[in-house]
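Below is one structure, written out as C-alpha cells; comments come after it.
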Amino acid sequence: MRTKIISSTFLTLALLTAAPQAAFACESDTMVTTENGFVFKVVAGSDKIMSYSDASASTEAFELELLQPYFVICEDGDYYKITDLQADTVDEAESGNVAYVAKDQTYAWSTREALSFSEIAFLEERPEIVAWEDEGVLEQFMESGNRKLYPPAFKENLEATRLRERSTRPYPVLGSDMRSLRGVAEKRVYNVLLPAAITPTSKIEIKEEDVDAAQEALTSATILVVFDATGSMETFARETAKKIAGGLTSLPKEVREGSSMGFLFYRDAGDEEKLVEVAPMPLGEAAAALEKAAAFMSGGGDVAEPILDAMYYAANIYDWGQSGKKIVIGVLNEEAKPRTIGALDENGRVPVDLDALSIARDLYDQSIPVITVQAGPNEGPQMAMVMTALAEETGGTYIRWGAGLKESDVAEQVTLRLTERAAEAIAAGKETLAQLKFELNDFASIPLEVLDGEMLERLRSAGVDFNINAGEGGVLIREGYILENDDLLTPEIQIDKETLINLINLYSVLATVGVDEEAMIQSISEAVAAIAGEEYDPEESIESIIEKKLGIQFRSDLLSFDINYIPAMVPNERLAMTKRIQDAATKLSQYLEANQAEFDDQIAVWMPVAVLP
C-alpha cells in the first residue's frame, strides 16, 4: 500500500484549506457545494495519493492525477467520495471514476479560476515561473523589489513544463487581489496550487497488451490535404497527384506504411456541393484518389475562397481516426477570404468571423503544423497574409508560386514538404520508442522526458492505457503566490453554457434604456437571480453577488453597483455606462458563438478571464 501522508508540512497546509458548506450523507442525491453554490472540488496533495473503493481504505481504487480536479459527491467521516467527471448531479457523477480519498490528503479548490500556460511558456529561452510560499516575504518583496533579500520559495521545472499538454492541468487559483509593486505598478497576485518538485526519473507505464497500439500511434502520420476544388484547380490537382505517386517510390518502407492521407475539398459558399471530406487512406491509394477528384472540380466564381472555414473544419470536425501525427496541407488558388463565413458546413459548426491568426492558434494548440500552398500565379491582396499566418503560426511552411515556376514545380515542392514532414514524425516516434523498456508486472515504460504533450495525446486517441509515474520522491502540491505574468500565464475560468448565456442576458438587461424604473429593477432582479438564485442580498453590488456564485473575480468595476443604482442615474450617466455594458455583452456573445461546439460537447470549458468585463 502506498504512503498516504507525504510530509507533515503538507498535512498542516491541507488541514488549513477551506471546507465545503456542509456534510452530506453518501446517499444524498445532490453534489456537495460550496457556500456560494457551485460544486465543491478538491485537488490531490501529491502525485502519490491513492483513492479507495470505500471509506474503510481497505481496497485501493486508483491514484489521483496531478493537479486534476475531483468533484465531491458526498462526505463519509474523514473521506470524500469523489468522481473525476465534472457533473451537476449525482447520477451524472456516478458514471465517472468514483472512489474515496482522505480529506487530509487534498486541497480545496474554492474557485473556478486557474492559470494556464501561454504559448510562449513552451519556448526554449525564458525565465522560470516563480512563487512565494510565505505571504510576508512576498509583501517585503513587493515593497522593495529585491528578489535576493526576499526570494521566491519555488521555481518552475522548465523541462517538466515542456512535457505538459497545453490547456490541461492548469494551476488552480484559490484567490487573487491587486497589490502595489514598489509603489509604482499595480500587480495582481494569485494564490495558487502548484507542483513544488518534478523528478527526472518520471516515466509513463503502459500495459504490455497496449504496446503494439502505442508503437503504431507514435510511428504513424496522417496528412490531410485541404484542397480548393473550384473549376480552375483541375490541372493542378492532376499534377500534384502525379508528383505524389512518383514521390512515394523514394520513401522508406516504414514511412510509406506508417502514413495515410485524407482529403477535404472545399468550394465557394454559393456552390451546391461546398465541402466533401474523404477519409484517410494508404498513401499508395491517395494519389489515384486525387487524380480521380480532379475530374469533378467545378464551380467557383467568387474570387476569394473560404479556406479558413475549411481549415477550422479540418482542425475540429474532420474525422482523423486514430491518426498518429497530424499534418495539414492547405491548397488555394488566387485569393482567400480573410475571415470565416460559416457557410460551408451545412450543420453550422464553423463559427463566423474568425481570422487567420485565430484558426492558426487553434491548429497550433492541437500540435498540427500547416503547409500552405499557392496553387496559381495570381496572388490576391489577402492571400499572402492568410497563408503566411496559417503556416508560420503553426510551425509549417508557405509554398509560394514564384516567378518562372510551373504547376509541376509547385506540385513537386508540395510532395517534398509533405513527405519530409511524415518522415520526421515517424523518425521522432522511432527515437522515442527506442527508450521503451519492459518492466515487471506486465508493464512497459518510456521516460517522460522523451515524450511531449502531443505524443501523449496520440496515445490517448489510440486507446492506449497508460499511467504517469513521477519517479522517486514524488511531486508535492503546495500553496504559493505568483505575480501576474501575461507572457507566461493566462488566467482562465471554468464556465458552462447556461451560466454564460445568463451573464450575457444580465448585461443585455443592464444595457436597456427607455423603460420605467419599476420594470427595469424587476428585469435586473430576474437576470441576477438566474445566476445567483433567489436568495441573494439586493443591497450587495451585482459584481459581489456574481463573483461569489461563480467563484471568479471580475477585472473591472463595471458591475460594482447594486440593483437600485441604474434607475437613479441621470440620463448622461446611464448612456455612458450603457455603452460599456453593451460592449461587454457583445464580447461575451462573440465568445459563445465562436466556441459553440465546445460548449455543446462539454459541461464546462476554460474561458480566458480577459473575455470577462
The set of residues whose placed amide H lies less than 5 Å from the amide H of residue 76, leaving out same-chain residues fewer than 5 positions away, is 81
State, to one decimal in nm, how far the label point of residue 346 lies from the label point of residue 568, with both points 7 Å from Cα in the Cβ direction. 5.8 nm
Residues residue 555 and residue 516, FRET efficiency given R0 of 41 Å [Cβ-Cβ distance, rounded to 0.05]: 0.80
Can you spot the aspartates and glutamates whose alpha carbon is less than 19 Å from residue 243's alpha carbon? Ignore those fewer than 8 places along the same chain. 228, 234, 257, 285, 291, 407, 409, 412, 420
Where a ≥ b ≥ c are root eigenvalues of the Cα gyration tensor, a/c under 1.5 meaning rounded, otherwise prolate if a/b exceeds b/c and oblate otherwise, the range 139-268 counts as prolate
Mean Cβ-within-10 Å packing, highest first, puts peptides 262-268, 526-532 in the order 262-268, 526-532
Among the lysines, which have Cα under 22 Å from the Cα of residue 148 when same-chain residues fewer than 8 positions away are ignored? 187
Once fully extended, how much extra length lies between residue 583 and residue 303, figured as 0.36 nm per residue of separation less the alpha-carbon to alpha-carbon distance? 97.4 nm
Obtain the nm distance between the two label points defined at residue 205 and residue 162 by a simple spin-label model: each point lies 7 Å from its Cα along the Cα-to-C-beta direction. 2.7 nm
Highest mean packing first, using Cβ neighbours within 10 angstrom, the peptides 278-285, 169-176, 108-115 sort as 108-115, 169-176, 278-285
Fraction of alpha-carbon pairs over 19 Å apart in the range 247-400 - percent: 54 percent
Here the FRET efficiency for residue 603 versus residue 434, based on Cβ atoms and R0 = 45 Å and rounded to 0.05, is 0.65
Residues whose modelled amide H sits under 5 Å from the amide H of residue 478, counting only those 5 or more places away in sequence or on another chain, are 194, 196
Among 518-525, 442-449, what's the highest-first ranking by average C-beta atoms within 10 angstrom per residue? 442-449, 518-525
Counting sequence-distant residues (5 or more places) and residues on other chains, those with an amide H built under 5 Å from that of residue 376 are 334
For the chain: span of alpha carbons on each principal axis (Å, largest first): 73, 71, 54
Too-long pairs where the Cα-Cα distance tops 19 Å, listed order kept, from 274/337; 81/203; 48/103; 326/430: 81/203
Expressed as an acute angle from 0 to 90° and rounded to the nearest 10, what is the orientation of the C-alpha long axis of helix 517-532 relative to the principal long axis of the chain? 80 degrees
Quick P(r) readout (the range 383-484; Cα-Cα; 5 Å bins; whole %) gives 2, 8, 12, 15, 13, 11, 10, 10, 8, 5, 3, 2, 0
Can you compute the modelled spin-label distance between residue 139 and residue 185, with each label point 7 Å from Cα toward Cβ, in nm? 2.2 nm
Between residue 250 and residue 590, what length in nm is gained on full extension when 0.36 nm per residue of separation is reduced by their alpha carbon distance? 117.6 nm
If the chain between residue 388 and residue 56 were fully stretched, how many nm would it gain, using 0.36 nm times the residue separation less the Cα-Cα distance? 113.5 nm
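Each value in this text was obtained by applying a stated rule to the coordinates, not by laboratory testing. Everything numeric in this text was worked out from a predicted model, so none of it was measured. A quick note on method: Cβ atoms are made from the backbone with ideal geometry, for glycine too, and the neighbour counts reach across all protein chains shown.
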